[in-house]
Every structure is written in structure tokens, then in C-alpha cells.
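Each remark here refers to the structure printed beneath this line.
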Ligand code: ATP
């Protein structure tokens with residue numbers, strides 16, 4: 001789906017997106033599954049992705065959790081909590097600051113510690129093939145800034161650190177991880193085909209963290225271009241292996257559309 005980093009999703013409702021009459025590249029029906037946290041988790045479980053455990057009630061918080069808003073908020077207003085008292089205190093503070101609203105329903109999930117990796121793919125329904133475009137690491141303020149000051153100063157700070165996205169940088173994964181990366185991507189494509197026809201066509205991203213044993217936990221997917229992908233005009237080190245020319249994600253999409261048009265298969269790539 002050719003939609004830059006949640007911008008359109010944040011501004012349009014699922015109904016509005018689904019009611020667009022102009023054919024859209026990718027699967028417009030899957031965006032509803034992305035923006036609803038319950039549906040999102042269902043699709044991720046169907047794809048056998050290792051997802052963090054959800055915590056249904058704040059009174060059940062007994063380990064470190066991350067508290068999120070609904071939809072793609074880009075990490076703004078997200079916070080960590082260690083127990084219910086901590087949750088209530090931080091929630092109140094963010095409401096007072098006008099960052100959260102009083103009646104906003106929040107989603108609580110166990111916190112997975114490790115190295116962030118945003119795994120970016122392109123699935124071609126014409127070739128029935130999955131391509132791995134590359135991985136990005138996200139930089140978030142002010143949680144990253146916290147790590148740069150000594151614990152003494154951290155402890156004195158009353159601010160609730162947010163996970164507000166500032167930017168991305170490319171990350172090259174250890175080669176031994178690639179096999180699992182492809183398996184996760186393929187499982188996701190298969191699950192999407194079963195659950196939300198015609199499936200996960202075009203660009204998408206599986207987002208998560210690698211822990212100290214290189215075990216991946218996925219907290220999110222985006223059924224569209226995400227992270228820094230859209231600005232990599234020359235492609236990526238991984239795409240250089242697949243194409244003998246610079247290949248950005250935009251160009252890859254354009255090529256799929258061109259091939260579909262030439263072979264009379266536009267219905268296969270649009271919804
Ligand atoms: P997007 O703009 O990607 O749609 P979003 O608002 O849906 O963002 P998430 O991607 O779910 O938000 O989370 C934002 C950030 O919070 C992540 O980049 C990550 O740093 C952190 N995060 C989210 N869930 C977890 C988790 N379970 N464990 C550890 N960190 C997490």
C-alpha cells in the first residue's frame with residue numbers, strides 16, 4: 001500500500017479509506033486490521049508472529065508493560081508502567097498535560113526489551129514472491145535521550161518519557177537471522193490471504209525487537225510503506241542483490257503496476 005508512514009491512516013477513518021472508488025494499489029481492506037489493536041493482534045497471531053502478551057486490565061500489571069494509544073500514534077503518549085499504581089500515576093499526568101484524553105481507551109502490552117528492527121517487505125501478487133527490502137531502526141524521543149543521562153539524573157526526572165518517533169536509520173541484520181525474517185514475512189502473507197482477501201500485496205513491515213538470544217518479538221505490523229523506506233531512492237543493500245539497478249520502494253511499486261497493466265492484470269494488484 002503506497003501510503004507514507006501512517007499519515008493518511010491517521011487522518012481518514014477505515015470507512016473512508018474503504019469507500020474510495022479509485023482502485024488502490026495493495027489491499028485497502030487490511031488497513032482496518034492495522035488500525036484496530038484487537039484485529040491487529042488477531043492477524044499477527046494467525047501469522048504465528050511471536051507477539052507480546054496483552055494485559056487486559058491495569059490491575060493485572062505485574063511486569064514491565066508499555067501502554068499504547070489506539071491507531072498509529074507514532075509512539076506519542078506511550079508510557080511504561082511496572083504496576084497499577086505506576087500506571088494510574090502516569091496516565092493522570094499525561095491527561096493533565098493534555099497528551100491523553102480522560103476517556104481514551106489504552107492498550108497495555110508486556111514490554112519486550114532488545115534491539116528495534118523494522119523489517120520491510122514487498123509481496124508481488126504477480127510473481128507470487130516475497131522480497132525482503134531491508135530493515136530500519138527507529139529513533140524515539142525521549143526514551144532514547146533518557147539512556148544518555150546518568151541514572152542519578154533519570155531518577156530525579158518527573159517527566160513521563162514518550163516513544164515519539166523522530167527518525168529511522170538502516171540496520172543490516174546478522175546473516176543468520178535472514179532465514180527467520182523470510183519465514184515471518186511468508187507466514188504473514190499467507191495469513192493475510194486467509195483472513196483479509198486478497199492478502200498482503202505490495203509493501204509491508206513487521207516491527208519488533210531482537211532480545212539477547214536474537215529471538216524476535218513483534219509488537220506491530222504496518223500494511224504499507226513504513227519507516228525510512230520511501231526515501232531510499234537507490235534502494236537498499238538487500239535490493240541490490242535482487243535487482244541490477246537502483247530500486248526504491250516507489251519504483252518497485254511503479255514496476256508492479258506497469259507489469260500488471262501490460263499483462264492485463266491490474267485487478268490482481270488493486271482493491
Ligand atoms: P506506527 O507509527 O509505527 O504505526 P504506533 O503508534 O502504532 O506506531 P508502535 O509501533 O506500536 O506504535 O510503538 C511505538 C514504539 O513503542 C515502538 O517503536 C517501540 O519503540 C515501542 N514499543 C511498542 N510496543 C512495544 C513492546 N511491546 N515492547 C517494547 N517496545 C515497544
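Derivation of every value follows stated rules applied to the coordinates shown; laboratory data play no part. As the structure is a computational prediction, the values presented were derived from the model and not from experiment. FYI the Cβ positions are ideal-geometry reconstructions off the backbone, even for glycines, and counts take in every protein chain you see.
Ranked by the mean number of other Cβ atoms within 10 Å of their residues, highest first, the peptides 116-129, 219-232, 176-189 fall in the order 219-232, 116-129, 176-189.
Taking only C-alpha pairs under 8 Å that are 6+ residues apart, what is the relative contact order of the chain in percent?
Working: 494 pairs, mean separation 68.6, N = 271.
Once normalised by length, the contact order is 25 percent.
With R₀ set to 25 Å, the beta-carbon distance separating residue 127 from residue 169 gives a calculated FRET efficiency near 0.25. When peptides 198-205, 105-112 are ranked by their average number of other Cβ atoms within 10 Å per residue, the highest-first order is 198-205, 105-112. Using a Gaussian network model of the chain in which every pair of alpha carbons under 10 angstrom is joined by a spring, one finds that among 217, 22, 63 the greatest mean-square fluctuation is at 22.
The angle between the Cα long axis of helix 178-195 and the longest principal axis of the Cα atoms of the chain comes to about 80 degrees, rounded to the nearest 10. Of all DSSP beta bridges confined to the range 53-111, the antiparallel ones make up roughly 100%. The overall shape of the chain is prolate: from the C-alpha gyration tensor, with semi-axes ordered a ≥ b ≥ c, the ratio a/c is 1.5 or greater and a/b exceeds b/c. Computed from label points 7 Å out along Cα-Cβ, the spacing between residue 92 and residue 22 is 4.9 nm.
As a test of the formula, what do you get for the chain when each DSSP H run with n ≥ 4 contributes -39,500 (n - 2.57) and the sum is divided by the residue count, at 222 nm and rounded to the nearest 500 deg cm²/dmol?
Numbers: 11 runs with 91 residues, N = 271.
When only DSSP H runs of four or more count, the value is -9000 deg cm²/dmol.
Rounded to the nearest 10 degrees, the inclination of helix 37-46 to the longest alpha-carbon principal axis of the chain is 60 degrees. Compared with the dominant Cα axis of the chain, that is its longest principal axis, helix 249-262 is turned about 30°. For the options 37, 174, 252, a Gaussian network treatment of the chain with springs between C-alpha atoms closer than 10 Å singles out 174 as fluctuating the most.
Extension gain for residue 213 to residue 39 (0.36 nm times residue separation, less C-alpha to C-alpha distance): 59.7 nm. Which of 113, 214, 147 moves most in a GNM of the chain, Cα contacts under 10 Å? Taking springs between Cα atoms under 10 Å, the residue moving most is 147.
Using 0.36 nm per residue and subtracting the Cα-Cα separation, the extra length available between residue 255 and residue 57 on full extension is 66.6 nm.
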